[in-house]
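Trainee: Next up is a structure, given as structure tokens.
Here, each number is a calculation from the coordinates, and none is a lab measurement. All values reported here derive from a predicted model rather than from experimental measurement. Quick reminder, even Gly has a Cβ in these numbers, built from the backbone with ideal geometry, and neighbours come from all protein chains shown.
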Amino acid sequence: MNVVSPGLQGHLSRILPRVKNPGRYIGGEANQVVKDPRSVLADMLLLFPDLYELGMSHNGTKVLYHLLNRETDLAAEHAFAPMPDFASALKEAGIELYSLESYRPARSFSAIGISLQTELNYTNVPYVLELAGLAAYAEKRGDEDPLIIGGGPCMANPEPVAPFFDLFVIGDGEVLAARILRCIGEGRRAGKSKARILADLAEFKGVYVPSLLPTVTSPRGEQIPPFDGAASPYAKAKGIQRTWVDVLNREDYPVRNLVPHMQLVHDRFSVEVMRGCTQGCRFCQAGYWYRPNRELHPDAVVDLAKAGMQATGERELGLLSLSTADYGQAETVLDALIDDEDFVDVDLSLPSLRANSFGQGLATKAAALTGGKSATFAPETGSERLRKIINKTISDADMLQAAENIFSQGFHNIKLYTMVGLPTEDLDDMRDFCVLIEKLHAIGQKHAQRNTIHANIGILVPKPFTPMQWVPFMDEERAMRHIRYVRERFRKVSGVRITWADWGISHVEAFYSRGDRGLAPLIYQAYRDGEIFESHGEFFKYEKWRALWAERGFDQTRIFSARALDEIFPWDYIHAGTTKGYLKHEYKQMFKAHSAPVPDCKWGECQKCGIPGNYLDISLAPEPVKHKAPAREPEAIAALAGERRAKFSGRHAFHLFYRKTGLARFIAHQNTLDIFEKAFRRLKLPLAMSQGFNPKPLIRNTGALPLGLETRREMLVVELRALPALDEAALCASITEALPEGMEVYAFVPAATGKMPKVVSITYRSGFWAEGPADLEQALARYRNGILLAPIKVKDKTMVVASDVEDVWMVDAELWLRIKAHDSGAGISPYLVYGLLLQAEPDSLRGRSLVKADFALAEAASDMAASSASFRVETLAERV
């Protein structure tokens, strides 16, 4: 177990009370890996350039963490972009950005890996580098600094941020991560310079070192490569060839993922069942970038799901891919999950579904495992004419049949991902879109009045390595006219929700996507002007970009004009696999009224897109062997679920006592309950669930604990459906092992009922705020002289604090306080009371040490006496 250095812990203890969601910054997550840096050849900090909640959800980072840490001579740790409030506090305290496992400075690692999932993270790159005490520009960093490595889907055009990075990984990180880090470690050990190490790395297929690529100026004024690497066949490419794994291997997938301290954007355990999509949607960068199509063996899917849900305690399972319903063994995997008792309480997430792949059988099985009963489809547009242009091979009839399948199985919502800004789009297409929504809504209402349709409208950003890379970005007036048309049509329609993208954010994304190296100074200046976290609407300020473009004289025709078919793009030194000639052909086909749809080559007809292999590169999953299960009808599934519920129909109540100390005290109250739920699931302790549409585990607490407050005695009431097999000591140790650092369970005793006992008083102690005994004596004297009797105003409410305080006393150098508990189990803020006694602002005390020492119940249950006795002796010993 890792222990924070006392110095840093002290600093963080004073900083964290002043920031929002401090659980993002404390580390110590269950399942973390901490290696001594002296015992490894090299280590990498996986620095996700966005919030903890997003980065902890990212499956690719989990894969890299697993791959690097399984190597005995390598190590990986985590960090995330801190919000501005915490970043300011770090600067003020003179603390550099640190890892969450060992709390080491980011710049002490051999390398820093930054995964760019969206161009809207670009300004966060110089932001996190400078917070780490590093120069933003690669040319200004020295030989002793870590090498900065970029990766992720934005590698389709990394040029706008190329000056900030030492190298990029173009393609699947599994292929190169360990080789790159080992090369860096061996080079450093051999005394090689940074330039020499980069030259060695540039020899790896899929590694791009920007400093080694010359550029020339194009007629547009862009910095472009002196050759068109994407135009040649893949095997003869002059530039950087994207690299990929040929077969998805179970061993490369993580199982013991970190257990987060807070709710994530995607709070689930995920298995990537398929990589690559060959449907050929002409706007979709991922569909071209991640070719060829590779499927994971269904037995591996089920094994990983079982092991991962066990190791993390998650309640939701995600089966991930660009189009999960297109995974060839989707139904057989769902059959296996339904058949397995380990998934009896598991919710299933199937993102990115294609309407024409989501048949009745898949809908039935998904419904058996899906708690939220919501399905997501991406028709992109409601116009069949436009779908033909973009090669989205689904019809209105497909959508309507999918809706019938979904709503008939008890799903209550369909979310549609759509867009405006497609070539030749007009208001007639918007009218067709509205008609489709109306028909979907009617199907939903036929099954239940509470059923809803949610259409989210994005704005097309033409991306590199798609047939759309030659088309212009739609201007604001036209794009918003199309969006307003749909909004107005459904403004007063109950059960239909329309949301839409911010045009300014889409404009900036298009600016990044179609840019060259010349954008780096603008990106750096935008960051310095405070333009960070641009994917979060509350931080994005479009006016700042307009002012910056005007100041720098940026030519907007780069974004809003069509590109010539023969021009070289800034990203044309990369060969993604698909040739530029094939993309050109697809661009021309868009505008041919009678062109046939492009078939999915996954099923055997190679389209000669440029990926080497002529279909043989496609790796489809066979039928399961180990986890082959019967395909049950809905009635049989319902009967099976009933049988399993009957096996676990017991209700056994327990009182669990725990401590929360150190930085763990900054984990929020609700997140603490979630962490306990996951710990119970990891130990296969079957939690009793509430009744109703959305069942919740029956875990109750004695009252919300103020954030940042240490507690030496806290209690939960837990109800289980079966008695635990372990004795109390072993069970407490096992639960503690599944919790974050700083949380410890010390008693787990049977209770007569699952009802929460009434808390009548709470005791706190603190001896670290006063300068000495004299100050404590003065505080005690103020209490005796009635300082708490005077009315005070708190949040526009006048109150007398004395009515909530039972006693104040002093033992040695500690000031003790006992307050009355409200019906909720909590009471008046102890910071308020101590502030009055010590003549200090209550908020100024939140960075100091305060301990919740004890609480008293109205009627102490007999079955609690033994477990409470040892604690009370310990407490009295401290006081005497």
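Trainee: Sort 121-134, 552-565 for me by packing, meaning the mean count of neighbouring Cβ atoms within 10 Å per residue, highest on top.
Mentor: 121-134, 552-565
Trainee: Given the pairs Lys62/Lys660; Lys238/Lys584; Lys584/Lys608, which are separated by over 21 angstrom at their Cα positions?
Mentor: Lys62/Lys660
Trainee: In addition: When N counts the residues of region 6-223, how does its alpha-carbon radius of gyration compare numerically with 2.2 N^0.38 Å, as a ratio?
Mentor: It is 1.00.
Trainee: Report, in listed order, any pair from Lys35/Lys306; Lys20/Lys415; Lys205/Lys580; Lys758/Lys797 with a Cα-Cα distance greater than 22 Å.
Mentor: Lys35/Lys306; Lys20/Lys415; Lys758/Lys797
Trainee: Let me ask another. For a footprinting-style exposure proxy, rank Cys183, Cys434 by other Cβ within 10 Å, fewest first.
Mentor: With the fewest neighbours first, Cys183, Cys434 line up as Cys434, Cys183.
Trainee: Right, here's the next one. I need the semi-axes of the equivalent ellipsoid of the chain: take the C-alpha gyration tensor, multiply each eigenvalue by 5, square-root it, list largest first in whole angstrom. Please report the intermediate quantities before stating the final value.
Mentor: On the way: eigenvalues 488, 237, 150 Å².
Equivalent-ellipsoid dimensions as semi-axes: 49, 34, 27 Å.
Trainee: Next question. Over all distinct alpha-carbon pairs, what is the Kirkwood Rh of region 717-804 in angstrom? Walk me through the numbers before you get to the answer.
Mentor: Details: mean 1/r = 0.0550 Å⁻¹.
Result for region 717-804, one decimal place: 18.2 Å.
Trainee: Starting from the Kirkwood radius over alpha-carbon pairs of region 265-326, derive D by Stokes-Einstein at 25 °C in a medium of 0.890 mPa s and give it in µm² s⁻¹. Present the calculation step by step, with values, prior to reporting the outcome.
Mentor: Numbers: Rh = 12.7 Å.
So the translational diffusion coefficient is about 194 µm²/s.
Trainee: Would you kindly calculate the mean projected area, averaged across all directions, of the convex hull enclosing the Cα atoms of region 759-858, in square nanometres?
Mentor: 6.3 nm²
Trainee: While we're on this one: Restricting things to alpha carbons, tell me how big region 374-502 is in terms of Rg and Dmax, in Å.
Mentor: Calculated on Cα positions, Rg and Dmax stand at 14.6, 45 Å.
Trainee: Relative to the compact globular guide of 2.2 N^0.38 Å, what is the alpha carbon radius of gyration of region 128-171, as a ratio? Present the calculation step by step, with values, prior to reporting the outcome.
Mentor: On the way: Rg = 10.7 Å, N = 44, 2.2 N^0.38 = 9.3 Å.
Expressed relative to 2.2 N^0.38 Å, the Cα Rg reads 1.15.
Trainee: Please arrange Lys696, Lys580 by how many other C-beta atoms lie within 10 Å of their C-beta, fewest to most.
Mentor: Fewest to most other Cβ atoms nearby, the residues stand as Lys696, Lys580.
Trainee: Sort Arg294, Arg196 so the one with the fewest other Cβ atoms within 10 Å of its own Cβ comes first.
Mentor: Listing Arg294, Arg196 from fewest to most nearby Cβ atoms yields Arg196, Arg294.
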